[in-house]
1. Run the count for segment 17-174, please: Lys pairs, Cα-Cα under 26 angstrom, 8 or more apart or on different chains.
2. Given the DSSP H assignment, sum -39500 (n - 2.57) over each helix run of at least 4 residues in the chain and divide by its residue total; what's the result at 222 nm in deg cm²/dmol, nearest 500?
3. For a footprinting-style exposure proxy, rank F26, F279, F319 by other Cβ within 10 Å, fewest first.
4. In segment 1-24, which residues have a backbone nitrogen under 14 Å from the label point lying 7 Å from N221's Cα in the Cα-to-Cβ direction?
5. Expressed in nm to one decimal, what extension gain is obtained for the pair S27 and A389 from 0.36 nm per residue of sequence separation less their Cα-Cα distance?
6. Just to verify a number: FRET efficiency for D172 and A271, C-beta to C-beta distance, R0 = 56 Å, to 0.05?
7. Could you check what % of the DSSP bridge pairs in the chain are antiparallel, to the nearest 5?
8. Sorted by average packing, counted as other Cβ atoms within 10 angstrom per residue and highest first, what order do 69-75, 364-370, 47-53 take?
Amino acid sequence: MNIHEYQAKTVLKSYGVAVPEGYPAFSVEEAVEAAEKTGGPVWVVKAQIHAGGRGKGGGVKVVRSLGDVERQARDILGMQLVTPQTGPEGRTVKRLYIEDGCDIARELYLSVLVDRETSRVAFIASTEGGMDIEDVAAETPEKILTLTVDPASGISGFHGREIAYALKLEGDQVRQCIGLIGNLYRCCMDKDASLLEINPLVVTGSGDLLCLDAKMNFDSNALYRHKDIMELRDIGEEDPAEVEASSHDLSYVKLDGTIGCMVNGAGLAMATMDIVKLFGAEPANFLDVGGGATKEKVTAAFKIILSDPNVKGILVNIFGGIMRCDIIAEGIVAAATEMDIGVPLVVRLEGTNVTRGKKILNESGLAIIAADDLGDAAKKVVAAVKEAA
């Protein structure tokens, strides 16, 4: 789950992390009031959406008067902000963050994330703040330090000192960095954050470290432990189909392909997506109905898949371990009867009650293409879509 910059800074501030003074605003009037609270004389008007690169799209403006705060707030609120992370459709700006201006001497990069290669929390630091870290990694990888934390020993002053030296900090800045690294680590561990990115971390004209931006992602599987974080969720920033899926306890992620996939089990879903690509097509989604899917959940899954206009065919791949194939078959028949699927539908069933499941499908009178195995299913759905086109 993602949260907005101003929310992330509130979380960081509770852990003793230095951030500029700022206030959220949901209207032009609130933006001016927020600017008056900070006092100025320089303010930053920031669009709040769940995407990076806001400045490149015109969503971050530095201003020097309350009149300019009002004008920029009026321009940015309601705009369709397009950034490299939103796609060409962009995102509608519904809230702002009015922040005190900052005297910037240096811009640095710092992030904390779960490193899946080492299964540890890792810090990534670079002197090249304010830039896309992917570009830095590709062009000047020697300017990036990656430092993992042993979960047995935890965080220590050593980590902060090494990062400080990599960032070329001096004097009291080293002490500040040691404290910052410890606070960020505790925040991520306490809140089950999967990513905390500060870009840029700045050295101010007075020599202090300040987190000028903050992006936080959280492990969705751990949110039940953090009601305070759950309250920060902005459903308006999420894909409507993904929100609908979560209400039915379905794991769904929209992709850019044309083959809708309905599978039980995350690993099997990934394998299904891979084999669709192997046969020359692209998956339209990741959708895991889980091990305890009901007829109602299967019907909901079909509706969500078909809500994507790019879907030209559907592949159902079910291995009945905990899940019974006859239940899936009943759900498929119910969904196909209730709605006009209108695209080729290929079904591969295997496992518990598979004979009963296949019988239900065969006797349904529906135009369902049966498959014997996963390779056969992928081959048939790709061929059927090409033929229908």
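1. Close lysine pairs found across segment 17-174: 10.
2. Only helices count here, giving -11000 deg cm²/dmol.
3. Listed from fewest to most nearby Cβ atoms, that is F26, F279, F319.
4. Under 14 Å, as judged by backbone N against the label point of N221, lie 1 of segment 1-24.
5. Answer, rounded to one decimal: 125.6 nm.
6. Efficiency, rounded to the nearest 0.05: 0.55.
7. That works out to approximately 75 percent antiparallel.
8. 47-53, 69-75, 364-370
The numbers here are math on the coordinates, done by the rules we state, and not lab data. Just so you know, these numbers come straight off a predicted model, no measurement behind them. Every residue, glycine among them, receives a Cβ derived from its backbone with ideal geometry; neighbour counts consider all protein chains shown.
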